[in-house]
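Enquirer: Pasting in a structure now, in structure tokens, and then I'll have a few things to ask.
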Amino acid sequence: GPRVTNLIAAFVSGTPQRYQNFLFVVRCVRKWAKARGLYSNKMGFWGGVNINIAVSLVIQLYPNASPGNLLRKFFLVFKSWRWPNPVMLCKPHDAELGLHVWSAFHAANARQVAPIITPAYPAMNSTLAVSRQTLQILHEEFCRGHDVVDKIWKESLRSTDNSFNSDGEMFAELFKPS
């Protein structure tokens, strides 16, 4: 909802450039997820809010990174994430208004495979539909995505003229349908 969106925007808006980097990486990750058949909360993958929270976490971890490096770090972070440790932008807050707030210590939450916790009250897992099978597919795709982006990154560093192909041609492999 709007409270989650506003909090995510607040977490990534330290500078105008950081917010623009966030938007760039979110758009790339969404395009990648849609092309690879991974953009569906209902089917047990990640939807829009999950991607926004995940990219926000990467920006919190690497606040001064370039957009290309943030995309690379996104895949690195999530290919090596130790699930079921939750992805959280901030500690869940209980405003004591009677609503259930997500907690790792709650027995029902112990069975959640890949929790991504919303930052707004009441904090809740936005990835309840993720199963062990869909998490395995996500992990394989994060590894593939990292390999592709890391190869592009290393090739751009080796380039003698330091030119970065702005037409997106070099990213075709990342967005190749599965």
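Enquirer: State whether one or more residues within the range 43-52 are closer than 20 Å to I117 by Cβ, at pLDDT 95 or above and among the polar types (S, T, N, Q).
Expert: yes
Enquirer: Take the conditions under 22 Å from H139 (Cβ atoms), open to solvent by 70 Å² or more (accessible area, probe 1.4 Å) and aliphatic (A, V, I, L, M) and apply them to L61. Does it pass? Give the steps one after another, and end with the answer.
Expert: On the way: under 22 Å from H139 (Cβ atoms): yes; open to solvent by 70 Å² or more (accessible area, probe 1.4 Å): yes; aliphatic (A, V, I, L, M): yes.
It is true that L61 is under 22 Å from H139 (Cβ atoms), open to solvent by 70 Å² or more (accessible area, probe 1.4 Å) and aliphatic (A, V, I, L, M).
Enquirer: Answer yes if at least one residue in the range 3-19 is in contact with a helix residue (DSSP H, G or I) (Cβ under 9 Å, 6 or more places away or on another chain), open to solvent by 70 Å² or more (accessible area, probe 1.4 Å) and over 25 Å from Y121 (Cα atoms), and no otherwise.
Expert: No, the range 3-19 has no match at all.
Enquirer: Counting just the residues of the range 84-105 that are without any contact (Cβ under 8 Å) to a residue 12 or more places away in the chain and either touching a strand residue (DSSP E or B) at 6+ places or on another chain (Cβ under 9 Å) or open to solvent by less than 80 Å² (accessible area, probe 1.4 Å) (or both), which one comes out nearest to V149 (Cα to Cα)?
Expert: Restricting to residues being without any contact (Cβ under 8 Å) to a residue 12 or more places away in the chain and either touching a strand residue (DSSP E or B) at 6+ places or on another chain (Cβ under 9 Å) or open to solvent by less than 80 Å² (accessible area, probe 1.4 Å) (or both), the top hit is S103.
Enquirer: Of the residues that sit in the range 67-106 and are part of a loop (DSSP other than H, G, I, E, B) and charged (D, E, K, R), which one is nearest to T15 (Cα to Cα)? Write out each step before concluding.
Expert: Restricting attention to the range 67-106, the residues satisfying the condition of being part of a loop (DSSP other than H, G, I, E, B) are 80-86, 89-106.
Among the residues that remain, those that are also charged (D, E, K, R) are: 82, 91, 94, 96.
On the way: R82: 30, K91: 23, D94: 29, E96: 33 Å.
Per the criteria, the residue is K91.
Enquirer: Ok, one more. For the structure I just gave you, tell me whether S13 is closer than 23 Å to F142 by Cβ, among the small types (G, A, S) and without any contact (Cβ under 8 Å) to a residue 60 or more places away in the chain. Steps first, please.
Expert: Values: closer than 23 Å to F142 by Cβ: no; among the small types (G, A, S): yes; without any contact (Cβ under 8 Å) to a residue 60 or more places away in the chain: yes.
No.
Enquirer: Sticking with this one: Test W81 against the criterion of being open to solvent by 20 Å² or more (accessible area, probe 1.4 Å) and either of a type in the set (G, A, S) or out of contact with any Phe, Trp or Tyr (no Cβ under 6 Å at 6 or more places or on another chain) (or both), and give yes or no.
Expert: Spelling it out, W81 is indeed open to solvent by 20 Å² or more (accessible area, probe 1.4 Å) and either of a type in the set (G, A, S) or out of contact with any Phe, Trp or Tyr (no Cβ under 6 Å at 6 or more places or on another chain) (or both).
Enquirer: Restricting attention to the range 78-100, which residues are charged (D, E, K, R) and either at pLDDT 95 or above or in contact with a helix residue (DSSP H, G or I) (Cβ under 9 Å, 6 or more places away or on another chain) (or both)?
Expert: K79, R82
Enquirer: Among the residues of the range 50-66, write down those that are in a helix (DSSP H, G or I), in contact (Cβ under 8 Å) with a residue 24 or more places away in the chain and among the aliphatic types (A, V, I, L, M).
Expert: Across the range 50-66, the qualifying residues are I51, I53, A54, V55, L57, V58, I59.
Enquirer: Select from the range 107-135 the residues that are part of a loop (DSSP other than H, G, I, E, B) and open to solvent by 80 Å² or more (accessible area, probe 1.4 Å) and list them in ascending order. Talk me through it step by step, then tell me what you get.
Expert: The initial filter retains those residues of the range 107-135 that are part of a loop (DSSP other than H, G, I, E, B), namely 112-115, 118-124, 126-131.
Answer for the range 107-135, where residues must be part of a loop (DSSP other than H, G, I, E, B) and open to solvent by 80 Å² or more (accessible area, probe 1.4 Å): M124, L128.
Enquirer: Okay, moving on. Which of the residues that make up the range 140-162 are open to solvent by less than 70 Å² (accessible area, probe 1.4 Å) and either part of a helix (DSSP H, G or I) or at pLDDT 90 or above (or both)? Steps first, please.
Expert: Looking only at the range 140-162, we keep the residues that are open to solvent by less than 70 Å² (accessible area, probe 1.4 Å), and these are 141-146, 148-150, 152-153, 156, 159.
Within the range 140-162, E141, F142, C143, R144, G145, H146, V148, V149, D150, I152, W153, S156 qualify.
Enquirer: Hey, can you tell me all the residues within the range 31-49 that are in a helix (DSSP H, G or I), without any contact (Cβ under 8 Å) to a residue 60 or more places away in the chain and crowded, with 18+ Cβ neighbours inside 10 Å? I'd like the intermediate steps shown before the answer.
Expert: Of the range 31-49, the ones in a helix (DSSP H, G or I) are 31-35, 48-49.
Cutting the leftovers down to without any contact (Cβ under 8 Å) to a residue 60 or more places away in the chain gives us 33-34, 48.
Selection gives A33 alone.
The values are calculated or read from the model by the stated rules, or taken from the named source; none is laboratory data. Worth saying up front: this structure is predicted, and the values here are computed from it rather than measured. Note that each Cβ is placed from the backbone with ideal geometry, even for glycine, and that neighbours are counted across all protein chains shown. When the accessible area is computed, the model is the full protein with side chains, heavy atoms only, and any ligands, DNA or RNA have been set aside. Shrake-Rupley method; radii C 1.70, N 1.55, O 1.52, S 1.80 Å.
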